[in-house]
Amino acid sequence: MKEIRGTSNRYLFIDLTNQAWRVHQASADDLKNFLGGKGLALKIYYDLCKDRLAEIDPLGPDNLLIFANGVLLTTGAPCSARFEVLTRSPLTGYMVASSCGGPFGEACKTAGWDGVIVAGRAEKPVVVRFDDREVVFEDAGDLWGAGTRRTQEELLKSPKDGAAVIGPAGENQVLYANICSGHRFAGRGGVGAVMGAKHLKALVARGKEYRFVPVDREKFARTLKKAKAHIRRSPFTQGLKAYGTNMNTRFGIDSGYTPVRNFRDRYHPRTEETTGEVMARRYNTRHSTCRYCSVLCGHKGMYPDGKMRVVSEYETTGMFGSNIGNFDTDRIGVWNEAMNDLGMDTISAGGTIAWAMEAGEKGLRQTELSFDHHDNIGQILEDIACRRGEGTELADGTKRLSEKYGGKAFAMHTKGLEFAAYDPRGCWGHGLSYAVHNKGGCHLGSYLVSLEVLLGYMPPLTTLGKASWVVFCEDVFAGINSLQTCLFTALSIMTEPVVPKYLPKAMLNVATIVFPKISQSLMNWSVYADFFSAITGIPMNQWQFKKAGERITKLERYMNVRMGQTPGEDTLPDRFTKEAVTKYPVASAVPIARMVRQYYRIRKYDPQTAGPSEKDLRRLGIAV
Ligand code: SF4
């Protein structure tokens, strides 16, 4: 095996229209400023498309689909086998980046590529195979139409291979189709629809040609030891290890963020039947995770029909459970398996179906879908993936449906991206996180529910300090995401410092909202900066790392504004801001306008454009 110190910075540029390829070499400066992975992919997209950002049709040949690996991949750093898929989203119309923990990233990187840039559109459906020196374009044949499982079974010919594939949903350009690798997914924003529109069924990398070693091995070993110790002793990690992300159901019941019937209510007693504890017992669960995972949130288990299945994540359990009026987790497991094979995002699918159920109840639109029976859910999922019957419209997501039929007040999305299973009336900062995230209603932009509820660091129902924390978490998380390590590592690593760990909860709750800046300076995310500098040899401290995250967030925002994003889109639907009374005993409506104003002020965004000024971009070294 050949050895590379640090990272190659080499991207494989594939032109599907002309069945040609070339090497795209990223610069060392861009690696330093954008940290690799998602950040560098964004910079590459910007450099290659900046003159035509507004005109790019997400489903047209001009859009680029970029697969990006992080500098940590293959080094043994915790949860570092993730790769990013970045493109202009057909669901939102803005930039989207979605991360996946499947084997494609490792195969691609050890074939000598830090990522793949896919341009153009093939005339007929193709599979593209590549290693370190050759790219082969093959006719997709009868794999076009096949599910993600069969596609991978047929394409993987050697243990050195790793694939990224789409299912029928991607082929039919369902606007929330995903990309599958192994049993993990780049789920959100319709990255699979972009791949389908390019007539690209699969990318198959043959790796194991190169191994990557840190430039500073001793520093890397020290950092690794520290990170692993933090992860091992974190109570948050232990919860994920035991119950997976379904541990969040219990927090939702207790704190009132459970989505019930299209987020109409925030509490239902039968969600007790869908907790992580109940599911772990019922399915006798064991781990089934992304590669090189140290946190172990992924689980599989034995279902009553005798089949071993991947257990649905919390977000899927919520969206196909209480949010559509269903409390049968066996059924959720079967639907989850079907959606994984069809290749579609479970969060957007669940949100869209819930909207259709409510719109049907209110007489806005004819449908057989109902909160009271669920026998037809399996069929509607297939119909969505194949764009048949009612599925044809549902394949376009909640935003477009509500623009056509009315019902915007209960269309549960921001910028077109459906919310995950956290009702922000139980965690206001998380509501701000949904409202202002560049990607739309994604729960992971700053994941403030983790600080408000899961870790209990700040009171959830106040606006105080929340904008500052959203900005802080967005920046640090953008850096962590660009290293392509799992965000769940952050919740053990960043909470390790003595002050947040040992300060009595009541005092911590006051300090975080009254003195957010001081509280943030007492967190410690230097592990990530140390990993980056140990591997690449580029000096970096935690504040420079955070600044790189700010650079990534603001470049992405600037690109979104150029693509047409307006200030009015940084908001939440009326249901969250006006309907305070639900079955949860505490009334709450999210004061979103106030928090967005505070957020713009801290970000220095112009309220007229919702974007950063040219001066601020220049401060960050971004040429516009
Ligand atoms: S914690 Fe979960 S999402 Fe993160 S890398 Fe591990 S299995 Fe994947």
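The values are calculated or read from the model by the stated rules, or taken from the named source; none is laboratory data. As the structure is a computational prediction, the values presented were derived from the model and not from experiment. When we count neighbours, we look across all protein chains shown, and the Cβ atoms used for this are built from the backbone with ideal geometry, even at glycine. Calculation scope for accessible area: heavy atoms of the full protein, side chains included, ligands and nucleic acids excluded. Shrake-Rupley method; radii C 1.70, N 1.55, O 1.52, S 1.80 Å.
Of 419, 389, 433, which is farthest along the charge dipole of the stretch 355-440 in the positive direction, counting Lys and Arg as +1 and Asp and Glu as -1 at C-beta?
With unit charges placed on the Cβ atoms, the residue in question is 433.
Just the accessible area per residue of the stretch 424-619, please: how many Å² with a 1.4 Å probe?
Details: 6750 Å² over 196 residues.
Heavy-atom accessible area per residue stands at 34 Å².
In the stretch 322-451, carbon and sulfur make up what percent of the accessible area (probe 1.4 Å)? The partial results should precede the final answer.
Details: 1610 of 3400 Å².
C and S fraction of accessible area: 47 percent.
Note down the net charge around residue 3, summing +1 for each Lys or Arg and -1 for each Asp or Glu among other residues with Cβ under 11 Å from its Cβ.
Details: positive: 2, 5, 211; negative: 209.
Here the charged neighbours net out to +2.
Please list, ordered by chain and number, the residues whose modelled amide H lies under 5 Å from the amide H of residue 121; skip anything fewer than 5 residues away on the same chain.
Those lying under 5 Å, H to H, from residue 121 are 16, 17.
Net charge around residue 611, counting only other residues with Cβ within less than 13 Å of its Cβ (Lys, Arg = +1; Asp, Glu = -1)? Don't skip to the end; give the middle numbers.
Values: positive: 554, 557, 562, 603, 604, 615; negative: 556, 569, 570, 606, 614, 616.
Here the count lands on 0.
Provide the per residue accessible area, probe 1.4 Å, for the stretch 107-150, rounded to a whole number of square angstrom. Display every interim value, and only then the final one.
Numbers: 1650 Å² over 44 residues.
Result: 37 Å² per residue.
Computing the accessible area with a 1.4 Å probe over protein heavy atoms, can you report the carbon and sulfur percentage for the stretch 2-213?
Values: 2860 of 6310 Å².
Carbon plus sulfur share of accessible area: 45 percent.
List the trypsin sites (Lys or Arg not before Pro) in the stretch 89-193 that DSSP assigns to loop (not H, G, I, E or B) and whose Cβ has at most 12 other Cβ atoms within 10 Å. Which are they? The partial results should precede the final answer.
Numbers: sites: 109, 121, 129, 133, 149, 150, 157, 160, 184, 188; in loops: 121, 133, 157, 160, 188.
Listed in order of number, the matching sites are 133, 157.
How much of the accessible area of the stretch 492-624, in percent, comes from carbon and sulfur atoms when a 1.4 Å probe is used? Provide the component values of the computation, followed by the final result.
Values: 3690 of 6120 Å².
Carbon with sulfur: 60 percent of the solvent-accessible area.
Longer than 32 Å from Cα to Cα, which of 50/604; 547/583; 109/439; 307/399 are they? Say none if no pair is. Write down the numbers at each step before the final one.
Working: 50/604 22 Å; 547/583 42 Å; 109/439 26 Å; 307/399 36 Å.
Listed pairs above 32 Å: 547/583; 307/399.
For the chain, take every pair of Cα atoms, bin their distances at 10 Å starting from 0, and report each bin as a whole percent.
3, 18, 30, 30, 16, 3, 0
Among DSSP bridges having both ends in the chain, what percentage is antiparallel? Round to the nearest 5.
On the way: 46 of 60 bridges.
Counting only bridges with both partners in the chain, antiparallel ones make up about 75 percent.
May I ask for the net charge around residue 325, where only other residues with Cβ less than 14 Å from the Cβ of residue 325 are counted and Lys, Arg are +1 while Asp, Glu are -1?
Values: positive: 261, 264, 270, 331, 583; negative: 265, 273, 328, 358, 361, 372, 375.
With Lys, Arg at +1 and Asp, Glu at -1, the neighbours total -2.
Enter the accessible area per residue of the stretch 261-405 (Å², integer; probe 1.4 Å; all protein chains in place). Intermediate results must be reported in sequence, preceding the final value.
Working: 5450 Å² over 145 residues.
Spelled out: the 1.4 Å probe surface of the stretch 261-405, per residue, equals 38 Å².
Once you charge only the Cβ atoms, +1 for Lys and Arg and -1 for Asp and Glu, what is the size of the charge dipole of the stretch 261-405 about its Cα centre, to the nearest 20 debye? Don't skip to the answer; put the middle values down first.
On the way: 19 positive and 23 negative charges, 77 e Å.
It works out to roughly 380 debye.
Select from 263, 607, 224 the residue farthest towards the positive end of the dipole of the chain; place +1 on Cβ of Lys and Arg, -1 on Cβ of Asp and Glu, and compute about the Cα centre.
In the chain, that residue is 224.
What nm distance separates the two modelled labels at residue 213 and residue 133, each placed 7 Å from Cα along Cα→Cβ?
That separation, rounded to one decimal, is 2.3 nm.
Using +1 at the Cβ of each Lys and Arg and -1 at the Cβ of each Asp and Glu in the chain, identify which of 502, 295, 195 lies farthest towards the dipole's positive end.
With unit charges placed on the Cβ atoms, the residue in question is 502.
With all distinct Cα pairs included, what does the Kirkwood hydrodynamic radius of the stretch 470-624 come out to in Å, to one decimal, could you say?
Values: mean 1/r = 0.0560 Å⁻¹.
With all distinct Cα pairs of the stretch 470-624 included, I get 17.9 Å.
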